[in-house]
Amino acid sequence: MTDPVIAPLGDAALTVSLGDGIDEALSRSVVMNAQAISGAAIMGVTDVVPAYASLAVFYDPVIIGYDDVRQRVLAALAAPDAGPLSGGEGSVIHRIPVVYDGEDLDDVARRTGFSRNEVIAMHSAIEYRVFVTGFIPGFAYLGILDERLSVPRREVPRRRVPPGSVAIAERQTGVYPAASPGGWHLIGTTSVTMFDPMRDRPALLSVGDRVRFEPLE
Amino acid sequence: MIRVAKAPAYATIQDGGRRGFLANGVPRAGAMDQAALLSLNAMLGNDPRAAAIEWALTGGQLELAGSVVFAIGGADADVTLRDHPVEPYRAYRASAGDVLSVKAITRGRFLYVAFSGGVDSDLVMNSRSTYLPAGFGGVDGRRLKTGDTLSSGKPKARHLPQVSDSLPSEMRPPLDSDVIHYVPRDSAGTHQLSGQFSISPASDRTGFRLVGSVGTEGGSITSEPVCPGTIQLPPGGEPIVLMADAPTIGGYRILGAVTTADLGVLAQRMPGEVIRLEPVSVKSAQSQAVERAEVIERIREWALG
């Protein structure tokens, strides 16, 4: 792990980078540091958002300036008493049934040199971990996808991906919980409700949960 | 009571947006032109987080039942009350049965119709903002339609606007500046965007695509947190400025983020209009944000007379 690099994300947020890439140890460290920053209760800070290898701290620039937030974030990162991960990491396993009928399935098969059935078998063989949630409500970034299925994002993202689409990009997979723009390759569809704002826990998946995709005929 | 007598092609309830739920993947949402909404709320003596109707694309009509105080702002529009012209940033008192008619938006993109006491609707995750892609907030998470009825919150008597003058122009948020400032991610300047871009027709509440020549390479990154204002550069090479409904995480190269002060100005630009992107330091962007907040306070004092 490298030293944290802090940069502004506009005038009301900053990004703390702790490394690069998708790696379970790095991801745990990001979540731990996000909790340490939240725990520091810095005045003017409204949100702390963990991603794979970085996190963002959102604040009100009318209440606190960049230099002050930066200093307080650095102090929180250095604090040795960063709390443990909340929730039992890996204790929840979700089984998500999928019809592998995605618009890009043939294209993925062609680009990776496998048959449709081989792509389906490889995608459904792995028990994935939720690395981050975000992008849109209820979207969970799952890893780590079989290297042989790794394809870059679409060069031009779709303006509308239908809800329930199961998709892949690079070493990641996930389910679009609602219609949204998206740059991932669509390989299947599920009818599971990934996000419901009226549920006690609106998002089905939380960081640290495990997920298995089960092919439907 | 406010009845939507003839819904426009686009109208939703929006407020300051959601705070505290970004880590759950819930976008901020809220008014595209926050400066316009904040100014109207200050004029009307409302809570800064009060909700209003965000209106775009076409005309329409609202029927106002019962005595209600309102003001319009944001985009310029041809609006009448009982067939008399309604000026922007001026408080009006309507009486039962009055029809507020928006004929057309004449300059800019998003018109705000704000009411004393704010537009009432259920709070979803602490906000009344409509988030259309996932269908929550506002009225059933959708656009307003003809026949909908809305209620405004109870204004506190001592907060009722005391003046019937228009807000002096120097206190109004700018509408037509074509210079948009942004804080670059890379202060060394190697991946900065400068110059002229036109707003692509593929622009909505989630993001505005920009068309123009980019002097730097786009690409994919390990997904990072993003927010309204973030400028992304996908491998395809067309920059995207994320707007109010920005996702919370994104996987395209990040070049910086448009300043809080200029994001509302950008939101008001129509497809085909040309803007100039100019880098600015985080310090100077923040002093501008503080200045804007001071203007909002001055509007509040002005409205109290």
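Here are a few things to note about the model shown:
- Which listed residue, of A:Ala179, A:Ala125, A:Ala169, is in contact with a His (Cβ under 8 Å, 6 or more places away or on another chain), free of Cβ contacts under 8 Å to residues at least 24 places away in the same chain and not basic (Lys, Arg): A:Ala169
- Within the option set B:Ser220, B:Ser287, B:Ser203, B:Ser198, being touching a residue at least 60 places away in the same chain (Cβ under 8 Å) and within 12 Å of chain A (Cβ to nearest Cβ) holds for one residue only, B:Ser203.
- Residue list for the stretch B:261-289, filter: crowded, with 17+ Cβ neighbours inside 10 Å, assigned to a helix (DSSP H, G or I) and more than 16 Å from the chain's Cα centre (by Cα): B:Val282, B:Ala285, B:Gln286, B:Gln288
- Index of the failed condition, B:Ala77 passing every other in (1) in contact (Cβ under 8 Å) with a residue 40 or more places away in the chain; (2) under 17 Å from B:Arg109 (Cα atoms): (1)
- Filtered residue count, the stretch B:203-217, keeping only those that are hydroxyl-bearing (Ser, Thr, Tyr) and crowded, with 18+ Cβ neighbours inside 10 Å: 2
- Among the candidates A:Gly164, A:Gly138, residue that is of a type outside the set (Lys, Arg) and surrounded by 22 or more Cβ atoms within 10 Å (Cβ to Cβ): A:Gly138
- Subset tally (residues that are at pLDDT 95 or above and closer than 19 Å to A:Pro157 by Cα) for the stretch A:99-140: 8
- Remark: B:Pro168 matches the filter, which requires a residue to be under 30 Å from B:Arg300 (Cα atoms) and surrounded by fewer than 20 Cβ atoms within 10 Å (Cβ to Cβ).
- Test result for A:Leu186, more than 13 Å from every other protein chain (Cβ to nearest Cβ) and in a loop (DSSP other than H, G, I, E, B): no
- Test result for A:Val62, surrounded by fewer than 21 Cβ atoms within 10 Å (Cβ to Cβ), within 18 Å of B:Pro184 (Cβ to Cβ), free of Cβ contacts under 8 Å to residues at least 24 places away in the same chain and among the aliphatic types (A, V, I, L, M): no
- The single condition among (1) at pLDDT 95 or above; (2) outside any loop (DSSP other than H, G, I, E, B) that B:Ser151 does not satisfy is (1).
- Residues that are among the charged types (D, E, K, R) and under 16 Å from the mean Cα position of the chain (by Cα) were ranked within the stretch A:13-49; the one that is nearest to B:Glu224 (Cα to Cα) is A:Asp20.
- Answer residue from the stretch A:160-183, given it is part of a loop (DSSP other than H, G, I, E, B) and among the small types (Gly, Ala, Ser) and is farthest from the other protein chains (Cβ to nearest Cβ) among those: A:Gly164
- Number of positions in the stretch A:119-135 that are in a helix (DSSP H, G or I) and buried (at least 19 other Cβ atoms within 10 Å of the Cβ): 3
- In the set (1) buried (at least 22 other Cβ atoms within 10 Å of the Cβ); (2) in contact with a Lys or Arg (Cβ under 8 Å, 6 or more places away or on another chain); (3) within 14 Å of chain A (Cβ to nearest Cβ), B:Gln34 fails one condition alone, (2).
- Among the residues listed as A:Arg116, A:Arg201, the single one being touching a residue at least 12 places away in the same chain (Cβ under 8 Å) and either farther than 18 Å from B:Pro225 by Cα or surrounded by 23 or more Cβ atoms within 10 Å (Cβ to Cβ) (or both): A:Arg116
- Residue, farthest from the chain's Cα centre (by Cα), within the stretch A:136-158, restricted to residues that are outside any loop (DSSP other than H, G, I, E, B) and away from every other protein chain (no Cβ under 14 Å): A:Arg148
- Scanning the stretch A:101-115 for residues that are part of a loop (DSSP other than H, G, I, E, B) and under 22 Å from the mean Cα position of the chain (by Cα) turns up A:Gly102, A:Asp104.
- Any hit, the stretch B:48-66, residues being within 14 Å of another protein chain (Cβ to nearest Cβ), closer than 30 Å to A:Thr133 by Cα, crowded, with 21+ Cβ neighbours inside 10 Å and more than 10 Å from the chain's Cα centre (by Cα): no
- Single residue of A:Val73, A:Val48, A:Val30, A:Val69 found to be at the interface with chain B (Cβ under 9 Å from one of its Cβ atoms) and aliphatic (A, V, I, L, M): A:Val48
The values are calculated or read from the model by the stated rules, or taken from the named source; none is laboratory data. No experiment lies behind these values; they were computed from the predicted model shown. Don't worry about glycine lacking a Cβ; one is built from the backbone with ideal geometry, like all the others, and counts go over all protein chains shown.
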